[in-house]
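Working notes for the structure below.
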Amino acid sequence: YVAAVYEHESILSPAPTAPVERRSALELMGRNLDIYEQQVLAAARQGAQIIVFPEDGIHGFNFTRSSIYPYLDFVPHSYSGKWNPCREPYLFNDTEVVQRLSCMALRNRIFLVANLGTKQPCARSDPRCPPDGRFQFNTNVALGADGALLATYRKHNLYFEDAFDTPPEPDYAVFDTPFAGKFGMFTCFDILFFEPAVNLIRQYNLKQIVYPTAWMNQLPLLSAVEFQQAFATAFRVNILAANIHHPTLGMTGSGIYTPVKSFIYHNMESYGGKLIVAEIPVVTADYKTNLEKTPGRVSEKGREQSPPSFYAEMMYDNFTFVPVWGEKGELQVCANTLCCYLSYRRAVLTDELYALGVFDGLHTVHGTYYVQACALVKCGGLSFSTCGQEVTDATAVIDFQLWGNMSTPYIFPLLLTSGITLDYADHMGWKNNYYFLSKNRTSSGLLTAALYGRWYEKD
């Protein structure tokens with residue numbers, strides 16, 4: 001099927017915390033919706049059957065709970081499938097934004113997924129009802145090619161979003177299409193948690209995901225395109241990921257991903273939005289990762305010759321590293337119960353420092369979640385203290401096999417190359433109790449090769 005995602009540089013309110021009237025809130029959102037309108041038309045002309053827009057794309061961000069209120073639509077949560085906002089605009093009040101989105105879908109005969117702020121009044125007698133008498137949600141809507149509201153999803157894992165409430169229960173949002181079957185949806189930070197993202201995919205056996213996000217890139221392990229690809233690979237799903245475009249805030253990185261191929265956009269230099277349209281196969285059967293060719297040896301040799309280990313901060317976590325020196329070698333580094341192993345050979349020796357790092361613990365900055373990671377990274381400079389820094393360019397082409405005795409089945413294989421481009425492993429998967437990732441000759445200089453494990457039970 002043909003899918004489209006739009007990385008949108010949103011027109012932002014100059015003073016998001018200042019109170020405004022609904023009229024001026026609609027005026028600002030209307031300017032973003034004008035751009036959406038052009039992009040839906042452009043995507044439809046290229047044959048797209050579905051288009052996805054980013055999180056916060058219509059209203060922007062940095063609001064307070066009260067200042068965002070004029071920007072919120074009323075979208076009935078349990079009404080999915082029974083309401084066509086374009087054809088029945090008078091059914092509910094304050095639905096101007098969802099009406100426009102519905103009409104775009106209808107006019108262009110395209111499925112459309114967008115993110116907006118919504119409100120829902122609640123009874124004071126409800127113990128969960130906020131003091132102002134309403135819930136405010138960060139919401140995705142999926143609209144059919146006829147404009148009907150097919151599904152709503154209220155973001156569960158909020159990322160410092162004071163304006164919004166967490167829904168009482170996680171939403172499992174699924175909608176059906178004639179061209180690719182069922183799609184599931186979740187938003188941004190949700191991708192790192194079991195609820196609802198992983199549970200949704202498992203319960204509904206989903207193969208297609210739509211994913212609006214407003215993601216701040218964090219190298220070396222959580223760049224948007226890097227993690228989006230890893231998620232598609234780990235769960236063997238297609239992901240249509242639309243990010244916001246604000247390079248000054250470190251926000252870029254969208255794509256259309258299959259388990260074996262991706263069409264991505266990552267651009268920290270230029271301004272303006274970007275439409276990606278790609279034809280991808282409907283994933284039906286599970287892709288099998290080929291493990292038979294992976295040598296299942298866990299070398300004891302690495303032990304005596306491992307160079308000295310050192311500590312450095314990476315992604316706000318205290319990693320234990322060993323330097324990756326010389327043209328080839330075998331290394332091991334351990335922390336808690338996790339041991340990481342690397343067998344490597346460099347095509348040409350360059351004057352770049354690489355290190356093999358391990359972390360097995362609770363990550364506590366900008367969110368709390370348990371990580372088990374084995375990571376081969378290029379350091380920022382030649383001293384040990386630069387390992388873990390954000391690096392975007394590399395020249396070293398390395399053949400490697402990386403493996404670890406991970407305690408969780410949820411491993412996201414990361415493979416990032418120079419200029420924030422993606423590569424695919426030759427082999428990956430489990431052998432005995434080790435997860436392996438191997439690659440002969442990266443397509444360009446290696447930035448990161450990592451096994452990013454999420455041990456959800458220990459969050």
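The values are calculated or read from the model by the stated rules, or taken from the named source; none is laboratory data. Keep in mind the model is a prediction, meaning the values are calculated, not measured. No Cβ is skipped: glycine too gets one built from the backbone with ideal geometry, and neighbour counts run over all protein chains shown. Surface accessibility is based on the protein's heavy atoms, side chains included, excluding ligands, DNA and RNA. Shrake-Rupley method; radii C 1.70, N 1.55, O 1.52, S 1.80 Å.
If you add up the charges near ASP190, with Lys and Arg at +1 and Asp and Glu at -1, over every other residue whose beta carbon is less than 13 angstrom from its beta carbon, what do you get? Could the numbers behind the result be given before it?
Numbers: positive: ARG154, LYS155, ARG454; negative: GLU55, GLU161, ASP171, GLU195.
That works out to -1.
The loop-placed chymotrypsin sites (Phe, Trp or Tyr not before Pro) in segment 173-202, going by DSSP, that have at most 16 neighbouring Cβ atoms within 10 Å of their Cβ come out as PHE179. Among the listed pairs LYS119/LYS155; LYS261/LYS439; LYS182/LYS261; LYS328/LYS439; LYS431/LYS458, a Cα-Cα separation exceeding 18 Å is found for LYS182/LYS261; LYS431/LYS458. Using only Cα positions of segment 310-458, each an equal point scatterer, no hydration layer, compute I(q)/I(0) via Debye at q = 0.12, 0.13, 0.17, 0.18 Å⁻¹ and quote the log10 values to two decimals. With one equal scatterer per Cα and no solvent, log10 I(q)/I(0) is -0.43, -0.51, -0.91, -1.03. Computed extension length for ALA42-HIS366: 112.9 nm, one decimal, from 0.36 nm per residue of separation with the Cα-Cα distance subtracted. The heavy atoms of SER24 offer some 50 square angstrom of accessible surface to a 1.4 angstrom probe. Computed over every Cα-Cα pair of the chain and binned at 20 Å starting from 0, the pair-distance distribution P(r) comes out as 25, 53, 21, 1 percent.
Charged neighbours of LEU415, selected by a Cβ distance under 14 Å, balance to 0 (K, R count +1; D, E count -1).
What FRET efficiency comes out for the pair SER125/ARG22, r = Cβ-Cβ distance, R0 = 22 Å, nearest 0.05? All intermediate terms of the calculation are to be shown ahead of the outcome.
Numbers: r = 28 Å, r/R0 = 1.26.
The computed FRET efficiency comes out at 0.20.
Most simply put, segment 2-279 has about 70% antiparallel DSSP beta bridges, counting only bridges with both residues inside it. Scanning the chain for cysteines with no neighbouring cysteine C-beta under 4.7 angstrom from their C-beta gives CYS188. Rounded to the nearest 10 degrees, what's the angle between the helix 224-235 long axis and the longest principal axis of the chain, both from Cα atoms, 0 to 90? Rounded to the nearest ten degrees, it is 80. Solvent exposure of LEU275, expressed as accessible area, is near 40 Å², computed with a probe of 1.4 Å over the protein chains only. Projected label points at ASN318 and TYR90, each 7 Å from Cα along the beta carbon direction, are separated by 6.7 nanometres.
Axis angle, to the nearest 10 degrees, between helix 22-45 and the longest C-alpha principal axis of the chain: 60 degrees. In a shell of Cβ-Cβ distance under 12 Å around PRO121, excluding PRO121 itself, what net charge do Lys and Arg (+1) and Asp and Glu (-1) give? Here the charged neighbours net out to 0.
For segment 168-223 versus segment 384-399, the inter-centroid distance based on Cα atoms is 30 Å.
Between 0 and 90 degrees, the angle of helix 96-108 with respect to the longest Cα principal axis of the chain falls at about 80 degrees.
For the chain, give the magnitude of the charge dipole about the Cα centre (Cβ charges: +1 Lys/Arg, -1 Asp/Glu; no others), in debye to the nearest 20.
With only Lys, Arg, Asp and Glu charged at Cβ, the dipole is about 940 debye.
For GLU330, the accessible surface of its heavy atoms amounts to roughly 30 Å² (probe 1.4 Å, protein chains only, rounded to the nearest 10). For MET268 and TYR79, the difference between the fully extended length at 0.36 nm per residue and the C-alpha to C-alpha distance is 64.1 nm.
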